[in-house]
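Below: the structure, in structure tokens.
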Amino acid sequence: MRGLVDTHAHLEEIADLEHTVDAARSAGLIAVVAVGSDLSSNQRVLEISRAYPSFVFPALGLHPWNLRENELEETLALIEGHAAEAVGIGEIGLDYHKRVIALASKERQKQVFAQLLKIAVRFKKPALVHSRYAWRDCLDLVEQAGVEKAVFHWFTGPSSVLRDLISRGYYVSATPATEYHEEHRRAVRESPLNLLLLETDSPVTYGRGSQTEFRAQPADVRRSLAASAVLRGEPQELVARATTDNAVKLFRLPL
């Protein structure tokens with residue numbers, strides 16, 4: 001089976017990183033895209049990628065949960081200053097959950113997202129988009145910015161938005177939530193194989209409150225693969241080969 005790529009993991013949040021990377025390699029992974037979400041995590045992502053060259057690849061971003069005004073300019077400057085060595089700009093996007101809007105209004109989120117998309121365009125990097133409850137606005141802003149390549153990570157939005165983002169050639173990534181989350185399962189099932197990626201969003205906890213609850217690590221991308229293959233009615237070998245080829249192409253991974 002073709003080696004796998006975890007296209008979205010928060011490695012800086014994992015305590016025993018050496019063990020986690022060893023486990024990922026043992027599980028058949030050939031690469032992990034480590035995503036940043038604020039000033040300190042971007043700095044750490046760059047350090048981790050240098051510690052694990054040719055295996056961990058950095059993406060630099062600013063999550064809508066983390067729009068701290070006192071760090072905003074410094075974070076944007078860091079992202080722009082290191083964009084050339086990153087494989088993508090992310091995690092970036094919008095989040096319209098009421099708890100997030102209480103911290104940063106929809107308009108403020110859009111302003112910052114637009115600035116980050118300009119960086120992605122300037123450096124010709126794919127955007128890794130967080131779009132919870134803001135699916136249409138995210139797609140509109142990505143299009144308006146002229147972003148050629150983007151992945152809508154852990155997409156759970158309506159089929160109407162999914163069809164439109166697919167028609168633009170944007171990607172969708174499958175997480176271990178493909179095992180049980182109906183909206184996410186629909187997106188993974190309806191996405192063409194040539195626009196599908198695998199990820200874990202490590203170290204998020206899946207199945208929260210259930211008997212099968214677990215805290216993800218990159219090795220769990222195999223669960224994303226297995227669930228996606230069953231859901232789509234396709235052999236795991238086919239999905240593995242296609243999603244890895246897609247990741248290598250999208251992020252220009254030197255593998």
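Comparison of 187, 150, 174 shows that the only residue that is closer than 22 Å to residue 215 by Cα, in contact (Cβ under 8 Å) with a residue 24 or more places away in the chain and touching a helix residue (DSSP H, G or I) at 6+ places or on another chain (Cβ under 6 Å) is 174.
Of everything in region 128-145 that is in a helix (DSSP H, G or I) and among the aliphatic types (A, V, I, L, M), the residue that is surrounded by the most Cβ atoms within 10 Å (Cβ to Cβ) is 142.
Considering 118, 124, the condition of being at pLDDT 95 or above, more than 17 Å from residue 173 (Cα to Cα) and assigned to a loop (DSSP other than H, G, I, E, B) is satisfied by 124 alone. Only residues that are without any contact (Cβ under 8 Å) to a residue 60 or more places away in the chain, part of a loop (DSSP other than H, G, I, E, B), buried (at least 17 other Cβ atoms within 10 Å of the Cβ) and out of contact with any Asp or Glu (no Cβ under 7 Å at 6 or more places or on another chain) were counted across region 68-115, and they come to 3.
The sole residue among 25, 50, 2 that is part of a loop (DSSP other than H, G, I, E, B) and surrounded by fewer than 18 Cβ atoms within 10 Å (Cβ to Cβ) is 2.
For region 213-253, the set of residues classified as at pLDDT 95 or above and in a loop (DSSP other than H, G, I, E, B) consists of 216, 217, 233, 234, 235, 252, 253, listed by residue number. Every condition in (1) of a type outside the set (Ser, Thr, Tyr); (2) part of a loop (DSSP other than H, G, I, E, B); (3) buried (at least 21 other Cβ atoms within 10 Å of the Cβ) is met by residue 148 except one, and the failing one is (3).
Give all pairs with beta carbons closer than 6 Å in which a residue from region 207-221 that is surrounded by 11 or more Cβ atoms within 10 Å (Cβ to Cβ) meets a residue that is among the polar types (S, T, N, Q) and part of a strand (DSSP E or B); count only pairs at least 6 apart in sequence or on separate chains. Matching pairs, first to second residue: 215/205.
The values are calculated or read from the model by the stated rules, or taken from the named source; none is laboratory data. What you see is a predicted model, and the numbers here were worked out from it, not measured in a lab. Glycine gets a Cβ as well: all are built from the backbone with ideal geometry, and neighbour counts include every protein chain shown.
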